């Protein structure tokens, strides 16, 4: 299983599908870039329906796409959110289906440590945000201040709003051969991961069961069980006498993964953890 698929449609046209979380299933940008570099077609149709994923994978993909000799035409079939919206900006042209969404926001992470350590992490996030904002500004022609305001607000653009803002070039129809299950799953994952998905995304997500997010590289089944156990205890109103157990469980299950796509999916645990008394807290940017 993979979050992308590349196939030749004809001698001159190749199709690239990104229809899941970028960086999931233990597959990173390296595999994507290697597969993309093997494409010799003069035209590439890059179709996106993704809730996002690893920002650094997205940066690498963006560079590979913009550096490819082919003309790359991006088509947003259902959703280009978070890291997937960065990839979308790499196209020579960007078309969005009339019923699709594009979402931009600030980088996020989970952190645990001293004030100095958290300040360092915040500084890194600010640099990532600046890099992301420049990508959107280069495409749209908007000022960095305008872009940053939209990112701060976690902005969900409809097709017409995305075109008006300059993030896409045109609005089109779906091809009619979209993978319906994949489309619904992308919406369901977006509802799990983000703060403000619009009602239309919630409606699509409600039609499928809660998906299982792709397990990122370096995460063991034991890590996942620890995180789920911690979340269950927090949601049940558990209180700890000291932060020893809390720190151990959270650190083993989340911080060690270093994967925003995975940790953001368990943002509810962060919100529940805010109920902790005393020193029991989680910083969520």
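None of the figures in this text is laboratory data; all of them are computed from the coordinates on show. Keep in mind the model is a prediction, meaning the values are calculated, not measured. Cβ coordinates were reconstructed from backbone atoms using ideal geometry, including for glycine residues, and neighbour counts include every protein chain displayed.
Rounded to whole Å and sorted largest first, what semi-axes of the equivalent ellipsoid does the C-alpha gyration tensor of segment 4-177 yield via the square root of 5 times each eigenvalue? Show your work: numbers first, answer last.
Values: eigenvalues 151, 76, 37 Å².
Semi-axes from the Cα gyration tensor: 27, 19, 14 Å.
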> Exposure proxy check: 165, 56 ranked by fewest other beta carbons within 10 Å?
Replying inline: 56, 165
